[in-house]
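Shown next, in structure tokens, is the structure this report addresses.
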Amino acid sequence: MKTALITGVTGQDGSYLARSLLQKGYKVCGGERRTATKKYWRLDEMGITDDIDFVDLDLIDQANIRRAIEKVKPDVVYNLAAQSFVSLSFEQPELTSLIDGLGVLRILESIKQVNKNIKFYQASTSELYGKIFETPQNEKTKFWPRSPYGVAKIFGHHITINYREAYDMFACCGILFNHESRMRGEDFVTRKITKGIALWKKEQKPIILGNIHAERDWGHAEDYTEGMQMIMNYKIADDYVLATGKKHTVKEFLETVLSYLNISYYWKGDECFDKKNNILISTIDKKYFRPSEVDLLIGDPTKAKTILGWAPKYNLEKIIIDMVDADLKRYYNKN
Ligand code: NDP
Ligand code: GDR
């Protein structure tokens, strides 16, 4: 039986990856940073909390990471832990850098010292491309991050490649474009919309958004966590873009959610109204705009398709159905 250590197991991707690895017969150890309240809602919803061996692991504590690796003796480490909210990284740039940048180095260094044969996956991101140099973005596209999050993740990305080259370690980066699901955190725009609209149906309280003209390449976390495993199971350690190759604006995402729920709407500038009763559905507040924005991201997953045979199964409509249905069930107990 192989052992996988997943950092960030309580997060969106951690939950999908843990479930998938358990189904494949892995022993799954979940790194968690200890807080007063347990954050197992995703694992609980999936019914897998009791199948995971939890280990204390905080990415800002080198000795703690080393102890966790010595204790768990993993065959593979998936580093999914991060301060992953781009917006918050402008408020907490140093903490974000300590976790998302130096945290990666701490794990790599621990692996190098404990057992260099442990395979390592790093959660890199399309945020590295930021102010894009070409469309679509692939593994060779130049990086120009636009947030402390993106800058910290560049360090994580390059230090992973450096440990691969310098110490011959099996260390890979998945440059993943946005991926969403029913397990998405509530502050990310897609979940803010699906949850917001589910509640709007009952309370008619408008959703307050930021830049609704931003364009993203949205996939589903289930497809992307399968892709992570394909990257790690390939014979050669390398870096891959995972993306759908399709882009949509935040506005289009909202419109698709409304259409799915048969809510007819119209726009007055950037404000959206319900056609039937002229009730406000969504509006804008400048506080949700970022000091420097990433206007457009769209990925080219050709390398992952060609070498790994990876292809996403979800399109935008299927993602929205998954998310909206889950939120309706959560807030109305409806199937
Ligand atoms: P989430 O925000 O849902 O999960 C992040 C996880 O990291 C949580 O389990 C959180 O724990 C944990 N964490 C945060 N800080 C620390 C710390 N100091 N030490 C240990 N654990 C910590 O993120 P996602 O699941 O969406 O993303 C997974 C990874 O992939 C992240 O690295 C993210 O940056 C990256 N990524 C995500 C993309 C996406 O679209 N989802 C796209 C590209 C990359 P806690 O429960 O305690 O908060
Ligand atoms: P992102 O995701 O920054 O791409 O990072 P997010 O959903 O936060 O924003 C996407 C785009 O929507 C615009 N936006 C809003 N965003 C939020 N959160 N809230 C709003 O009200 C709102 N209104 C408009 C944003 O300005 C942005 O352009 C996600 C994270 O998962 C990262 O960890 C990951 O690396 C990248 O995806 C790829």
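The values are calculated or read from the model by the stated rules, or taken from the named source; none is laboratory data. These figures come from a predicted structure and were not determined experimentally. Here Cβ is always computed from backbone atoms with ideal geometry, including for glycine, and neighbour counts include all displayed protein chains.
Scanning region 1-34 for residues that are touching a strand residue (DSSP E or B) at 6+ places or on another chain (Cβ under 7 Å), in a helix (DSSP H, G or I) and away from ligand 2 (no atom under 16 Å from the Cβ) gives Ala18, Leu21, Leu22. Lys303: within 25 Å of the chain's Cα centre (by Cα) and of a type in the set (D, E, K, R), yes or no? Answer is yes for this residue.
To keep it simple, each residue is scored yes or no on (1) within 13 Å of ligand 2 (Cβ to nearest atom); (2) in contact (Cβ under 8 Å) with a residue 60 or more places away in the chain; (3) crowded, with 19+ Cβ neighbours inside 10 Å.
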| position | (1), (2), (3) |
| --- | --- |
| Trp200 | no, yes, yes |
| Leu209 | yes, yes, yes |
| Ile212 | yes, yes, yes |
| Ala221 | yes, yes, yes |
| Asn233 | no, no, no |
| Ala237 | no, yes, yes |
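Starting from residues that are more than 19 Å from the chain's Cα centre (by Cα) and farther than 16 Å from Lys246 by Cα, keep the ones in region 127-145 and report whichever is surrounded by the fewest Cβ atoms within 10 Å (Cβ to Cβ). So, considering only residues that are more than 19 Å from the chain's Cα centre (by Cα) and farther than 16 Å from Lys246 by Cα, the one surrounded by the fewest Cβ atoms within 10 Å (Cβ to Cβ) is Lys140. Screening Val77 against (1) within 16 Å of ligand 2 (Cβ to nearest atom); (2) surrounded by 24 or more Cβ atoms within 10 Å (Cβ to Cβ); (3) among the β-branched types (Val, Ile, Thr) leaves a single unmet condition, (1).
With respect to the conditions (1) more than 8 Å from ligand 1 (Cβ to nearest atom); (2) assigned to a loop (DSSP other than H, G, I, E, B); (3) in contact with a helix residue (DSSP H, G or I) (Cβ under 6 Å, 6 or more places away or on another chain); (4) among the β-branched types (Val, Ile, Thr), Thr37 falls short on a single one, namely (3). Among the residues making up region 161-185, a single one is among the basic types (Lys, Arg) and touching an Asp or Glu at 6+ places or on another chain (Cβ under 7 Å): Arg182. Scanning region 87-99 for residues that are surrounded by 21 or more Cβ atoms within 10 Å (Cβ to Cβ) and of a type outside the set (S, T, N, Q) turns up just one, Ile99.
Condition check for Ile193 on (1) in the same structural domain as Asp13 (by TED's automatic domain parsing); (2) buried (at least 23 other Cβ atoms within 10 Å of the Cβ): one failure, at (1).
Return yes when Ile154 is surrounded by fewer than 23 Cβ atoms within 10 Å (Cβ to Cβ) and within 14 Å of ligand 1 (Cβ to nearest atom) and no when it is not.
Numbers: surrounded by fewer than 23 Cβ atoms within 10 Å (Cβ to Cβ): yes; within 14 Å of ligand 1 (Cβ to nearest atom): yes.
Against the criterion (surrounded by fewer than 23 Cβ atoms within 10 Å (Cβ to Cβ) and within 14 Å of ligand 1 (Cβ to nearest atom)), Ile154 qualifies.
Condition check: more than 18 Å from Phe155 (Cβ to Cβ), buried (at least 22 other Cβ atoms within 10 Å of the Cβ) and of a type in the set (A, V, I, L, M). Does Leu22 satisfy that? No.
Give the residue that is nearest to the chain's Cα centre (by Cα), with candidates limited to residues of region 160-194 that are aromatic (Phe, Trp, Tyr) and near ligand 1 (Cβ under 9 Å from one of its atoms). Explain how you work it out, then say what you get.
Keep residues of region 160-194 that are aromatic (Phe, Trp, Tyr), which gives 163, 167, 170, 177, 188.
So of that shortlist, the ones also near ligand 1 (Cβ under 9 Å from one of its atoms) come out as 177, 188.
Numbers: Phe177: 8, Phe188: 10 Å.
Step by step, filter region 160-194, then rank; the result is Phe177.
Output the residues belonging to region 155-198 that are within 12 Å of ligand 2 (Cβ to nearest atom) and free of Cβ contacts under 8 Å to residues at least 12 places away in the same chain. Of everything in region 155-198, just one residue is within 12 Å of ligand 2 (Cβ to nearest atom) and free of Cβ contacts under 8 Å to residues at least 12 places away in the same chain, namely Glu186.
State whether one or more residues within region 297-307 are in contact with a Ser or Thr (Cβ under 7 Å, 6 or more places away or on another chain) and free of Cβ contacts under 8 Å to residues at least 24 places away in the same chain. No, region 297-307 has no match at all. Only one of the numbered conditions (1) more than 10 Å from ligand 1 (Cβ to nearest atom); (2) more than 23 Å from Ser181 (Cβ to Cβ); (3) assigned to a helix (DSSP H, G or I) is violated by Val55, and that is (3). Exactly one of these conditions fails for Ile99: (1) over 19 Å from the mean Cα position of the chain (by Cα); (2) not assigned by TED's automatic domain parsing to the domain that holds Leu254. Give me its number. Unmet for Ile99, out of (1) over 19 Å from the mean Cα position of the chain (by Cα); (2) not assigned by TED's automatic domain parsing to the domain that holds Leu254: (1). With respect to the stated conditions, Glu255 fails to be loosely packed, with under 14 Cβ neighbours inside 10 Å and within 20 Å of Arg184 (Cα to Cα). Within the option set Lys334, Lys313, being assigned to a loop (DSSP other than H, G, I, E, B) and at pLDDT below 95 holds for one residue only, Lys334.
One residue stands out among those in region 35-54 that are crowded, with 21+ Cβ neighbours inside 10 Å and more than 16 Å from ligand 2 (Cβ to nearest atom): the one that is farthest from Lys119 (Cα to Cα), which is Leu43.
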